[in-house]
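Some notes on the structure that comes next.
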Amino acid sequence: MDNVNAGDDHHNLENDKDQENCDDNPLPDQGEEESDSSEDEVAPRNTVGDVPLEWYRDEKHIGYDISGKKILKKEREDRLQSFLASADDSKSWRKVYDEYNDEIIELSKEEVRQLRRLLKGKAPHADFDPHAPYVDWFKWDDAKHPLSNAPEPKRRFIRSKWEAKKVVRLVRAIRNGHIKFDKPKEEQQFHDLWGDDSSTTEKTSHLSYIPAPKPKLPGHDESYNPSLEYIPTQEEINSYQLMYEEDRPKFIPRRFTSMRSVPAYDNALKDAFERCLDLYLCPRVRKKRINIDPESLKPKLPNRKDLRPYPTTCYLEYRGHKDAVMSISTEANGQWIASGSLDGTVRIWEVETGRCLKVLELGEPVKYVAWNPRPDLPILAAAAGADVLLLNTGLGDGEVQAKIKEVLHVDKLPVTENSDKTPAATWLQDDKTGGIRLRHFKSVSAVEWHRKGDYLSTLSKKLTQKIPFKLHGLPVSSVFHPTQSILFVSTKKEVRVYNLLKQKLLKKLKTGLREVSSIAVHPAGDNVIVGSREGKLCWFDMDLSSEPYKILRCHPKDITNVAFHRSRPLFASCSDDGTAYVFHGMVYSDLTQNPLITPLEILRGHKTVNGRGVMDCKFHPMQPWLFTAGADSVIKLYCH
């Protein structure tokens, strides 16, 4: 079958000899068909680009079309079928397979002629004459007017006076020493073997060059016949054995009568290896050292004496709880303070004397207490287990007590319903305490009052009210805006700011912390501080960015709570390490000036019990005093 194919190819070549002979004078072939595969007329259909076709060898497609769909390969005929087809087709020898476009192209007669001329080293087109006669575009014969009839100017034959003046100026500058030439480098005839390479001007011109360390020169003790003062005694040699290996002398001098009797050096190979390490590990880059005073790098902070008053020392202790005090809250006027403990009691203390005014037995561990912000309505909210109790503290005159009893007694108590028509919290009248009990399905972790005192928010795994926005994650703490109808809700990773009137999300504060533990809002409402379980405190400027303005790494353990002072530029944080940090945080009315944050004092005094330290901290509403509640069942008051 191969012989038949070869014979057909030979027959085709014989038939085209006439075409080879008439390549120089081609006749127009009117019946010639133009090839449809010309790259000038038909654009390639495959969009393979510069990707090698070998990558598609084992694939069923080759490239992609303009819509991004795969272009399937055409089914190829086997060799037997292709041979039979070529035997019946007389033009099969002119057919070429285009692997790029996956098609068979039939070469025209004109293209065959061009290929033959290219193989012979000729021009592809037959009408091109490589030895065409030269055409002189400017014929001077019988020309009336040449290009220029002007005579040659005189300046082309004399020396330029301006160049002469410049040469004179250069000669004078050289004579006066203004222009100096580089002196030829003199090659050194001898090289100092033990010299310092850093002194050579050729290598020191490079700023980063550091010469290789030189080996230590031999001294008198390494001589083959040293003086007697260099030779150690036997007692000194024995004392060397008691020394550490790095402190022992590496070479002990000995005396020999001649150089011929000196034995081989035992540590020669080791010393050569250490020398190679010195050359290999020595620094090769010279770094400039800048002498900067470390104190100048510290930020310029105001003097702490100018920022007084702020709490510094423990003035009073409130003792009476039998277990850890989890939460404290100050009354609106600052005369009373309430505390909730794991012993199941809520105590009301007088601030100035430390006297315990009242003890309320709730029967369950109290995790949070919050006083109503209205001074004419001294109602205390306490979270104990799955209940939130609105308690009558018994403060105030008869008129105030009558108003409180009227508020805490309702004939028909409301039932809050959830989206699935099941009550999320049940309102019950508590006859024991004379207040209202809000019963939840899950334990309540925090309670916060609205600034007007007519709303409150509770945190548990089931919300107390149907909210129009969705919380992404488990809520950790919540707080109301001091002046607007805005609610801040913090999850473990971020803080979400919601507008309660428009019922939509305003902003998300990205903390970048591992887990958020507490949150507090500045009295102006534009700045927020966030405490975390990793001991970091983040300050957010909401007008500036949703990223933290400052991150303070102050506590080595978890931060349990953070708090702002209501009227003074103070904020504090407490932690499980048994300390409370007091900071100066000044927020300016000028929006172009950033807040000033200055650490002031570290308050110590609480003992850690079972790994827990200070559980809560609150500022006095009027005075620069700080209350701290610890796991050691003690409440401390720090004053200035």
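The values are calculated or read from the model by the stated rules, or taken from the named source; none is laboratory data. Not measured: the values here are computed from a predicted model. All Cβ positions, glycine included, derive from the backbone under ideal geometry; neighbour counts span all protein chains shown. Areas reflect the complete protein model, heavy atoms only, side chains present, ligands, DNA and RNA absent. Shrake-Rupley method; radii C 1.70, N 1.55, O 1.52, S 1.80 Å.
Counting only Cβ charges, +1 for Lys and Arg and -1 for Asp and Glu, the dipole size of region 473-640 around its Cα centre is about 360 debye. When the C-alpha to C-alpha distance is required to be over 32 Å, the pairs from 70/470; 507/636; 60/109; 557/636; 367/403 that qualify are 70/470; 507/636; 60/109.
In terms of accessible area, using a 1.4 Å probe and ignoring ligands and nucleic acids, 327, 227 rank largest first as 227, 327. The protection proxy used here, the mean number of other Cβ atoms lying within 10 Å of each residue, ranks peptides 394-401, 273-280, 108-115 as follows, highest first: 108-115, 394-401, 273-280. Please label the shape of region 292-422 as rounded, prolate or oblate, based on the square roots a ≥ b ≥ c of the eigenvalues of the alpha-carbon gyration tensor (a/c under 1.5 means rounded; beyond that, a/b larger than b/c means prolate, else oblate). Since a/c reaches 1.5 and a/b is larger than b/c, the shape of region 292-422 is classed as prolate. Sorting 353, 426, 511 on solvent-accessible area from highest to lowest, probe radius 1.4 Å, gives 353, 426, 511.
Taking the protein heavy atoms of region 473-640 in the context of the full set of protein chains, the accessible area attributed to carbon and sulfur is 49 percent at 1.4 Å. If you take all other residues with their beta carbon under 13 Å from the beta carbon of residue 392, and give Lys and Arg +1 and Asp and Glu -1, the sum is +2. In the context of the full set of protein chains, residues of region 473-640 present 41 Å² of accessible surface per residue (probe radius 1.4 Å, heavy atoms only). Sorting the segments 569-578, 494-503, 586-595 by their mean number of nearby beta carbons within 10 angstrom, highest to lowest, gives 569-578, 494-503, 586-595. Ligands, DNA and RNA excluded, the heavy atoms of residue 441 present near 130 Å² of accessible surface to a 1.4 Å solvent probe. Protection proxy ranking for 616-628, 148-160, using the average of other Cβ atoms within 10 Å per residue and placing the highest first: 616-628, 148-160.
Judged by the gyration tensor of its Cα atoms, with axes a ≥ b ≥ c, region 424-556 is prolate; a/c meets the 1.5 cut and a/b is the larger of a/b and b/c. Sum up the charges of everything whose Cβ sits under 14 Å from the Cβ of residue 563, counting Lys and Arg as +1 and Asp and Glu as -1, but leave residue 563 out. My count for the surroundings of residue 563 gives +1. Once divided by 2.2 N^0.38 Å, the Cα radius of gyration of region 473-640 becomes 1.00.
Please give every one of the lysines within straight-line cross-link reach of residue 214, meaning a C-alpha to C-alpha distance under 23 Å, and leave out same-chain neighbours fewer than 8 residues apart. Candidates past the 8-residue exclusion: 203, 250, 270, 287, 288. Going by accessible surface with a 1.4 Å probe and the largest first, 387, 88 read 88, 387.
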